[in-house]
Amino acid sequence: MNAKATTIRPRDRDTVISALRAGVVPRLGLQHVQVGRQREIEAMINDIGRVGNGGSTIRFVIGAYGAGKTFFLFLVRQIALQNKLAVCQADLSPDRRLHATGGQARGLYAELAKSISTRTTPDGGALRNILESFIQKASERASASEMTIESAINESLGDLREMVGGYDFATVIAAYARGYEEGNSTKQDAAMRWLRG
């Protein structure tokens, strides 16, 4: 038997063992304990590729209690992060719903905004990093085209500005950019509060 041994990083090993001892889904190293979901994972990898190329998709993962839904979703999340995508997650509940009149939809949005993760910030809180990266690129474009950073931001968000709330969103991004360039943390924090719902 000539099986190739897979090396597990110590950080992944410790995370998996600690999580399994606690009876929860590990956040790292899921690929080392995943068994029997090859077709589902391939379908999700195709979906992740589609989203990474600017497309969209939707999937509903359903199953009985203990069927492995949370494990599967954490695995898909890890694959998305490895593919340099930003991910966010939230559990739906009476206080966090897609549609409501008592602020529950805003609560869901706030939870999603708080949980935004990237490969470099896998535990949430990546919104500021994403925003500053976007502003840095807009600043470089503005310098190259001899325009203001606000004009570069508005140009980048042109399609979004036409949507409901898009104009306000672009205005807040521009305000954050002004605060970023001026070193005005009060202005930046106010914009972040708006963006986080």
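The values are calculated or read from the model by the stated rules, or taken from the named source; none is laboratory data. All values derive from a computational prediction rather than experimental measurement. Cβ sites come from the backbone with ideal geometry, for glycine too, and all protein chains shown count toward neighbours.
Against the condition under 11 Å from the mean Cα position of the chain (by Cα), of a type outside the set (Phe, Trp, Tyr) and not assigned by TED's automatic domain parsing to the domain that holds residue 154, how does residue 58 come out, does it pass? In short, no. Filtered by the rule that a residue be exposed (fewer than 13 other Cβ atoms within 10 Å of the Cβ), modelled with pLDDT under 80 and farther than 20 Å from residue 117 by Cβ, segment 21-37 gives 23, 35, 36.
Per the listing 112, 160, 127, the residue uniquely within 21 Å of residue 88 (Cβ to Cβ), of a type in the set (A, V, I, L, M) and over 14 Å from the mean Cα position of the chain (by Cα) is 160. Do you know which residues across segment 158-186 are under 28 Å from residue 96 (Cα atoms) and either touching a helix residue (DSSP H, G or I) at 6+ places or on another chain (Cβ under 6 Å) or of a type in the set (Ser, Thr, Tyr) (or both)? Those that are under 28 Å from residue 96 (Cα atoms) and either touching a helix residue (DSSP H, G or I) at 6+ places or on another chain (Cβ under 6 Å) or of a type in the set (Ser, Thr, Tyr) (or both): 160, 161, 166, 167, 170, 171, 172, 173, 176. Among the residues of segment 179-195, those that are more than 17 Å from residue 133 (Cβ to Cβ) and either touching a residue at least 40 places away in the same chain (Cβ under 8 Å) or not hydroxyl-bearing (Ser, Thr, Tyr) (or both) comprise 182, 183, 184, 187, 189, 190, 193, 194. Apart from one condition, residue 159 fits all of (1) closer than 27 Å to residue 46 by Cα; (2) in contact (Cβ under 8 Å) with a residue 12 or more places away in the chain; (3) not polar (S, T, N, Q); the exception is (2).
Within segment 108-156, the set of residues being small (Gly, Ala, Ser) and touching a residue at least 60 places away in the same chain (Cβ under 8 Å) comprises 110, 113. Just one of 91, 95 is under 17 Å from the mean Cα position of the chain (by Cα) and acidic (Asp, Glu); which is it? 91 is the lone residue from the list that is under 17 Å from the mean Cα position of the chain (by Cα) and acidic (Asp, Glu).
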